[in-house]
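Colleague: Below: one structure in structure tokens.
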Amino acid sequence: MMWLRIALAVAVVCLVWFVMDTGQVSACSCIEPGSPLQELDRAALVFTGKTVSVKEYEPPLGITFFTSSTDPTTVKFEVDTVWKGPAHETISLETARLGASCGYTFKEGNEYIVYSRDGETVNLCSRTKSLSLAAEDLAALGQGRTGAPQSEYEATNGRTCAVGSARGHVAGDLALLGLLAGTIAAARRRRT
């Protein structure tokens, strides 16, 4: 009977820890980006394009307490002009779900100038902005090249969001705690 109480206590502690764990806490703090030419030099990918889809992260089992501001949002662009990086007809990049984690909020159907330092993600701290606000950038960058027809560029960095990784650690930790509780319970049963 004692092992049942121990297992129950461990399960309650694990549940409380799992629900209360916030994973990685983020707050966006940016240094003012450089000039359009400085940011072009630092970037791996600079282009203008229209957003054709914005796909937000879907939490496991649809349970919203599994979400975080760092969860990835995948944004697909129909490319107009490219100054740096591959010139594809469409480009898909990731951004954090919310501005609190430096995610840039893209609206489907709107046009943007996009600066990506790694060619896979875009964030609030870059010179990325609505195309209607990009006159300085367009003047400084000059003529670019157009996206190649029938080609697609998708960020395939193979990484997962840090919070996603933390969730994997949480599941592993819970499994280890369950195994430990089972071992303790079995040892106690043997003693009695």
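The values are calculated or read from the model by the stated rules, or taken from the named source; none is laboratory data. Please read these numbers as outputs of a predicted model, since none were measured by experiment. So basically every Cβ, Gly included, is an ideal-geometry build from the backbone, and we count neighbours across all protein chains shown.
Colleague: Quick one: in the stretch 120-147, of everything that is more than 14 Å from G49 (Cβ to Cβ) and among the charged types (D, E, K, R), which residue is modelled with the lowest pLDDT?
Modeller: Per the stated criteria, the residue is E120.
Colleague: Give the stretch 67-115 a look and list any residue that's charged (D, E, K, R) and in a strand (DSSP E or B), or say none.
Modeller: Answer for the stretch 67-115, where residues must be charged (D, E, K, R) and in a strand (DSSP E or B): K76, E78, D80, K84, E89, E94, E111.
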